[in-house]
Structure formats: C-alpha cells, structure tokens
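**Student:** Here's a structure for you.
The numbers here are math on the coordinates, done by the rules we state, and not lab data. It should be emphasised that the depicted structure is a prediction, and the values quoted were computed from it without experimental measurement. Using ideal geometry, Cβ is built from the backbone for each residue, glycine included, and neighbour counts are taken over all protein chains shown.
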Amino acid sequence: MIFQCTECGYEQRNEEFNLCPVCVASEKAELEASAAEAHLHIDAVNEAIRNFHKKHIAVNAESPIELSAEVRALLDLMMNWEADQCPF
C-alpha cells in the first residue's frame, strides 16, 4: 500500500503517516517561530505594564491614581506573570 503526505504529496510504501518528515520539520519550525514571536509580544506587554506600574502606581503609593478594580487586578496579574508558565 502507498501512503501520501497530506501537505506535499510525498509518497511512501508500507508505512502509514499523515505528514512526511520534511513537512513535520517545517511545521515544527513554524511553531517555534510563532512561539518566539509570542514571547516577544509578551515581553513587550510586560515591559509596558512594568513601566506604567513604576511611573503611576509605585511612585504614587500615598495617593495612587484611581484605577478600577478590574484594571488593578489585571496589572497585579501581569506584574506577577512568570515565564516558566509557558512550555516554550
């Protein structure tokens, strides 16, 4: 029996598969690139929030600017975000 890769059409006899090794490697590389891009975005968001926190909240601890409870909870959550929670 001949099996065919669902991505590129590569054919192989006697061993069932959905993606050939080349397509698997390509898909893995795309996922790794996507994860790297996501990490850059997360780092940028965390840096912006860290700067906002330093500028508006930590400095004004005695009379902090008014923030809704939801915004404060979001800031607290993101300030405490740990990189090891992501598997990549």
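**Student:** In what order do ILE2, ILE42 fall by count of nearby beta-carbon atoms within 10 Å, going from fewest to most?
**Tutor:** Listing ILE2, ILE42 from fewest to most nearby Cβ atoms yields ILE2, ILE42.
**Student:** I'd like the chymotrypsin sites (Phe, Trp or Tyr not before Pro) in the stretch 1-33 restricted to DSSP loop residues with at most 14 other Cβ atoms within 10 Å, sorted by number.
**Tutor:** Listed in order of number, the matching sites are PHE17.
**Student:** Based on the Cβ-Cβ distance from GLU30 to ARG50, what FRET efficiency comes out when R0 is 41 Å, to the nearest 0.05?
**Tutor:** 0.85
**Student:** Follow-up. Would you mind checking which residues have amide H under 5 Å from GLU7's amide H? H placed 1.01 Å from N; only 5 or more apart, or other chain.
**Tutor:** Answer set, sorted by chain and number: CYS20.
**Student:** What does the charge add up to near GLN4, with Lys and Arg as +1, Asp and Glu as -1, over the other residues with Cβ less than 15 Å from its Cβ?
**Tutor:** -3
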